[in-house]
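The values are calculated or read from the model by the stated rules, or taken from the named source; none is laboratory data. All values derive from a computational prediction rather than experimental measurement. All Cβ positions, glycine included, derive from the backbone under ideal geometry; neighbour counts span all protein chains shown. What goes into the accessible areas is simple: the full protein's heavy atoms, side chains included, and nothing from ligands, DNA or RNA. Shrake-Rupley method; radii C 1.70, N 1.55, O 1.52, S 1.80 Å.
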Amino acid sequence: LAVGVGKVEQALLFFKTALEANPATAQFWLSYIDALIKLERLADAKAVLDQAKSKGAKGVGFDKLEQRLQEAQSEPLETSNAALEEAPPQQPNILDSLKLDQAIKLAQKKAKDGSIKEAKRIYQDILGRFPKNKRAIDGLKALGDGPAGDASKAQDPPQGQLQSLINLYSQGQLQQALKQAETLVQKFPQSAILFNIQGAVLQGLKQLDLSIEAYRKALSIKPDNADAYNNMGNALKE
């Protein structure tokens, strides 16, 4: 649950405690290693993976984690410097190729260079995965007075309204967030990020069927929206 709301650091303690209590459960190893990779603690992740393998752990899950570790250890080093100079290729979410800190720095650089549209896209990608991220929220707020007329601005609510909705969700005021989201989707029926947030609010209220429908709408607008797929998968699992 902590990982699901972006609190991966806090999740480590729970995973570690579960693992110490019952090291024979493969899923505890998998969850702990996965969280370490998410936090870019690759050396720690590899050490725990090696420890698990030394205790006889094996299977598809461990093979996939090992592959992710190998990719993470090789690709970010090659792409990070170039990514700070130019925008990454079109992809579902900026965080699929950059660390969170790198994505924030890239957005700040784009904003400083006057590439407001690209900076907003990066911040929105971050908020799509981590709705409570203060640096991304503040970054979008700072761009509120930037040049208008880009495509995303026509589809998405003004940044102030979007931030207000995210704040309500982050503070647990789900009923108020739902009312605001319902009003906004009437005005901005082509905003994928808005439907994704609406789905998260509905999921928090345990209105899972409506939540899944909101994620489907987000995907109908942006079929490559990895966050909506991930969120819908969690709602279906619930």
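Remarks
- Each other residue within a Cβ distance under 15 Å of residue 14 adds +1 if Lys or Arg and -1 if Asp or Glu, for a net charge of 0.
- Were the residues from residue 108 through residue 9 laid out at 0.36 nm apart, the gain over their Cα-Cα distance would be 33.2 nm.
- Global form of the chain, assessed from the alpha-carbon gyration tensor, a/c cut-off 1.5: oblate
- Extension gain for the segment residue 24 to residue 167, taken as residue separation times 0.36 nm less the Cα-Cα distance, is 47.4 nm to one decimal.
- Anisotropy class of region 121-238 from Cα gyration tensor, a/c 1.5 cut: prolate
- With R₀ set to 30 Å, the beta-carbon distance separating residue 141 from residue 1 gives a calculated FRET efficiency near 0.60.
- Taking 0.36 nm per residue of sequence separation and removing the Cα-Cα distance, the residue 182/residue 67 pair yields an extension gain of 37.2 nm.
- Region 194-238 - percent of accessible surface contributed by carbon and sulfur, probe 1.4 Å: 52
- Charges were assigned to the Cβ only: +1 to each Lys and Arg, -1 to each Asp and Glu. The resulting dipole of the chain about its Cα centre is roughly 480 debye.
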